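The values are calculated or read from the model by the stated rules, or taken from the named source; none is laboratory data. Everything numeric here is computed off the predicted structure, so don't read it as measured data. No Cβ is skipped: glycine too gets one built from the backbone with ideal geometry, and neighbour counts run over all protein chains shown.
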Amino acid sequence: MPPMLRPFLFVGLTFVAFCALAQAPNQDLFPGFTATATNSPFPGVTAVPIGTTPLGSSPTVIGLDHLDPTQMSKADYEVVSNLSAELSKQAALANFDISSPAWHYQQIVCPAFPDYVFLAFTHGADDSGSSRFAALLPRNDAQVRVVSTYAHGLLPFEASWNRPGTFEVFNGMLRQERGAAPLSHARNWLLIAVCYAELSGYPVQVLNVLPNPAPTLDLLRLGANRPQMIIGADQSAEVTFSDVSRPTFTTNWSLHFDRHGQITSASRSLVRQPNVIALKP
């Protein structure tokens, strides 16, 4: 072969060899490591049911303050004193005689409604059964409203949290405090929702996932949801939150507000917790 053709022959052979290597499948994805067949997706790791493991840490919660009469501010206590006659009258219309010494009340401090004093009344078990109701006392007029939750040992025919009458009472306060503004305009939307739960007779401690808003295994263990507000195209709003105040189950709430900021429906679902993750005794 003439010497001047030898470089071209060498380049040609090199190109052919490179093409052959490029077309050959690569069978060794991890050089130096031998693959072995296994029936376990995570060799050496034993699967444990999520419900049997403790929480990573105690979750923080959001809740309203409950004050005994001796802890109330002077201004709030005066509202109760001034409206005591009307309060007794409205309670009697709901078949509750609050003159009995067995009745006890606490103030529910709800900053979302500064024009009202919320009271939660409870009565221990007796011949007529236990009773529980909430009363709303306005600061600027004498129209006391009562929402009963548990009357003489019996639940009402309609649960108070999903009763049209409860919606009416709550919406009246919303109109006075906020007018017809959509709930999406309210920075305290979660506080408003919590106040509704308390008004309907259910003290709640809302699971707070801040400063970590991402889903966690602890949320799965609790069967809980992150507090959130989903805003519709028409400015209606769906508010969801989880109550973890009970050591045996989580209550997931969902409240719907129309475009005028009025509550139109409510739902609750219970998820039982394993004993190992009880938040408090």
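Here is how the numbers come out for the structure above:
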item: Of the criteria (1) modelled with pLDDT under 95; (2) outside any strand (DSSP E or B), which one residue 122 fails; result: (2)
item: Qualifying positions in the range 77-102 - touching a residue at least 24 places away in the same chain (Cβ under 8 Å) and more than 13 Å from residue 142 (Cβ to Cβ); result: 91, 93, 94, 95, 96, 102
item: Odd one out for residue 74 among (1) exposed (fewer than 10 other Cβ atoms within 10 Å of the Cβ); (2) more than 30 Å from residue 187 (Cα to Cα); (3) at pLDDT 95 or above; result: (2)
item: Some residue of the range 80-97 being surrounded by fewer than 15 Cβ atoms within 10 Å (Cβ to Cβ), acidic (Asp, Glu) and modelled with pLDDT under 90; result: yes
item: The range 125-174, subset of a type in the set (A, V, I, L, M) and modelled with pLDDT under 80, residue surrounded by the most Cβ atoms within 10 Å (Cβ to Cβ); result: 151
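Results for (1) of a type in the set (Lys, Arg); (2) at pLDDT 85 or above; (3) surrounded by 20 or more Cβ atoms within 10 Å (Cβ to Cβ); (4) not in a loop (DSSP other than H, G, I, E, B), shown as yes or no for each residue.
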position	(1), (2), (3), (4)
176	no, yes, no, yes
187	yes, yes, no, no
193	no, yes, yes, yes
197	no, yes, yes, yes
203	no, yes, no, no
211	no, no, no, no
215	no, no, no, no
230	no, yes, no, yes
240	no, yes, no, yes
